[in-house]
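Could you have a look at this structure, given as structure tokens, before my questions?
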Amino acid sequence: MKDFAMELEDKLAIIHDELKTGKYEPSPVKRVEIEKGDGGKRPLVRATLTIKAKALGL
């Protein structure tokens, strides 16, 4: 768990620097389909951690 936290801090620092310098390019969103109760499928778009961090201003 400690390694994950260290890696996360490093990645957030990189994102922060990219945002400050105008070099940030978001990664693509993840698209999945989830099952609906009636048997159909609903498209779902999931933002990546990088996109979420940017939205939060981290």
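Please verify whether region 23-31 includes one or more residues that are of a type in the set (F, W, Y), under 18 Å from the mean Cα position of the chain (by Cα) and either surrounded by fewer than 10 Cβ atoms within 10 Å (Cβ to Cβ) or at pLDDT 85 or above (or both).
No - not one qualifying residue is present in region 23-31.
Looking at K2, K36 in this structure, which one is surrounded by fewer than 10 Cβ atoms within 10 Å (Cβ to Cβ) and modelled with pLDDT of 90 or more? I'd like the intermediate steps shown before the answer.
On the way: K2 fails: modelled with pLDDT of 90 or more.
None of the others qualify; the one that does is K36.
The values are calculated or read from the model by the stated rules, or taken from the named source; none is laboratory data. Computed from a predicted model, the values in this text were never measured in an experiment. Counting neighbours? That spans all protein chains shown, and the Cβs are built from the backbone with ideal geometry, glycine included.
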